[in-house]
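The values are calculated or read from the model by the stated rules, or taken from the named source; none is laboratory data. In this text the structure is predicted, and so the values were computed from the model without any measurement. Reconstructed Cβ throughout: ideal geometry from the backbone, glycine too, with neighbour counts over all protein chains shown.
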Amino acid sequence: MSFFKKLKDRVSGQTDTVTEKFKDGLAKTRDSFAGKMNDLMARYRKVDEDFFEELEELLIGADVGVETVMELIDELKTEAKRQNIKDTSELAPLISEKLADKLDKSGEDNTIQHAADGMTVILFVGVNGVGKTTTIGKVAQKYKEEGSRVVMAAGDTFRAGAIEQLEEWGNQVGVDVVKQQAGSDPAAVMYDAIQSARSKGANVLLCDTAGRLQNKVNLMKELEKVKRVIQREIPEAPHEVLLVLDATTGQNAMSQAKTFQEATDVSGIVLTKLDGTAKGGIVLAVRNELDIPVKFVGLGERAEDLQPFDSNQFVYSLFKEIMEAEEENETDES
């Protein structure tokens, strides 16, 4: 059984809604990637060095990341030689399989980690403009719909309008927001939020933080102070530190991620606005080069478009047209 058939079987066990969301959300990337891939396969019938050079350029152009692309090309060359693959059409399932392997690290859990007992605290970090506050609102809605009692902490006290934006989400979702006045100490907001969440019997606390990157030292100190205050009250918290990145910024998102990785213990990535870019390969670069699991992806504007990341759905959506073309060829041949 080819990897394409295995992939189709894996996603067929999931709801049609999830498959449609990934398919629609990755439309720009798929249209660009699949079109170029089909063109490449048409121009090169034989697997040779020229083919691999163009494939390398195609993947780098999709923001897969130079380091990841070089690894991938080396692996493909080795495997093509081992399996004696001569025809480029036979290489497509292998490419998809290798991409899936890089996204889905063996034994890794992409799900959100929760407190074994008591309140789960999730800290959101990221620069201004990536959709961090909106992401927190969408996550709050998800938890609320699942029956959790949620409180949000307006810890981004420096960006103009950040507190009000979170309050709007609170009103929309029906979730309490703990705040202080603009310019207040974010750590003090976290302390108040924990006390308020406890008094309300909340089991999920979602914490916004400032997104300033002008001075990495200040950012580090601020986040460390926030975490110290949280851990003083709940020693095992935060249970997740989610870094929010804007997929449309491409490699700039990678440099942001590296800065935050140095500043705090990032446990997962939320990649927003994936539907707004034709370079969805950034998911691979983030996952493979930073070695941090992608927990959520933004596949549209609505709250329900923020989806838990699924590597099988991602690769399936990316190769959908190529897979369908292969199925047609097999039908014609039979």
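Of the residues contained in the stretch 296-305, one or more are found to be under 9 Å from the mean Cα position of the chain (by Cα) and of a type in the set (A, V, I, L, M, F, W, C).
Here the helices (runs of 4 or more DSSP H) wholly within the stretch 1-111 that include at least 3 residues being out of contact with any helix residue (DSSP H, G or I) (no Cβ under 7 Å at 6 or more places or on another chain) and touching a residue at least 40 places away in the same chain (Cβ under 8 Å) are 27-43. Among the residues of the stretch 283-306, those identified as small (Gly, Ala, Ser) and surrounded by fewer than 22 Cβ atoms within 10 Å (Cβ to Cβ) are GLY300, ALA303.
Condition check: over 18 Å from ASN312 (Cα atoms), surrounded by 13 or more Cβ atoms within 10 Å (Cβ to Cβ) and of a type outside the set (Lys, Arg). Does GLN113 satisfy that? Yes. Every listed requirement among (1) within 22 Å of GLN256 (Cβ to Cβ); (2) in a loop (DSSP other than H, G, I, E, B); (3) of a type outside the set (S, T, N, Q) is met by LYS138 save one, (2).
Residue selection: ALA140 satisfies the criterion of being hydrophobic (A, V, I, L, M, F, W, C) and either crowded, with 18+ Cβ neighbours inside 10 Å or not assigned by the TED database to the domain that holds GLU222 (or both). Residue check: is LYS179 within 23 Å of the chain's Cα centre (by Cα) and not hydrophobic (A, V, I, L, M, F, W, C)? It is false that LYS179 is within 23 Å of the chain's Cα centre (by Cα) and not hydrophobic (A, V, I, L, M, F, W, C). With respect to the numbered conditions (1) outside the structural domain of ASP208 (by the TED database); (2) of a type outside the set (Val, Ile, Thr); (3) under 23 Å from ASP265 (Cβ atoms), which one is the sole condition not fulfilled by LYS132? Evaluating LYS132 over (1) outside the structural domain of ASP208 (by the TED database); (2) of a type outside the set (Val, Ile, Thr); (3) under 23 Å from ASP265 (Cβ atoms) leaves (1) as the failure.
Rundown of residues vs (1) loosely packed, with under 15 Cβ neighbours inside 10 Å; (2) modelled with pLDDT of 90 or more; (3) β-branched (Val, Ile, Thr), yes/no style:
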residue	(1), (2), (3)
MET1	yes, no, no
THR17	yes, no, yes
GLY35	yes, no, no
ASP48	yes, yes, no
ASP74	yes, yes, no
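If you check GLY201, GLY161 for being of a type outside the set (D, E, K, R), closer than 14 Å to THR133 by Cα and exposed (fewer than 15 other Cβ atoms within 10 Å of the Cβ), only one passes: GLY161.
Based on what the data block shows, is LYS132 of a type in the set (D, E, K, R) and either at pLDDT 95 or above or over 30 Å from MET152 (Cβ atoms) (or both)? For LYS132, the condition - of a type in the set (D, E, K, R) and either at pLDDT 95 or above or over 30 Å from MET152 (Cβ atoms) (or both) - is not met.
Would you say ALA247 is surrounded by fewer than 21 Cβ atoms within 10 Å (Cβ to Cβ) and either at pLDDT 90 or above or more than 23 Å from LYS144 (Cβ to Cβ) (or both)? For ALA247, the condition - surrounded by fewer than 21 Cβ atoms within 10 Å (Cβ to Cβ) and either at pLDDT 90 or above or more than 23 Å from LYS144 (Cβ to Cβ) (or both) - is not met. Flag not set for ALA263, criterion: at pLDDT 85 or above, of a type in the set (Gly, Ala, Ser) and either over 21 Å from PHE22 (Cα atoms) or touching a strand residue (DSSP E or B) at 6+ places or on another chain (Cβ under 9 Å) (or both).
Could you check the stretch 50-69 and list, in sequence order, the residues that are more than 15 Å from THR88 (Cβ to Cβ), crowded, with 16+ Cβ neighbours inside 10 Å and of a type in the set (A, V, I, L, M, F, W, C)? Selection gives ILE60, ALA62, VAL64, VAL69.
The number of residues in the stretch 122-165 that are free of Cβ contacts under 8 Å to residues at least 12 places away in the same chain and either within 26 Å of GLY201 (Cβ to Cβ) or acidic (Asp, Glu) (or both) comes to 4.
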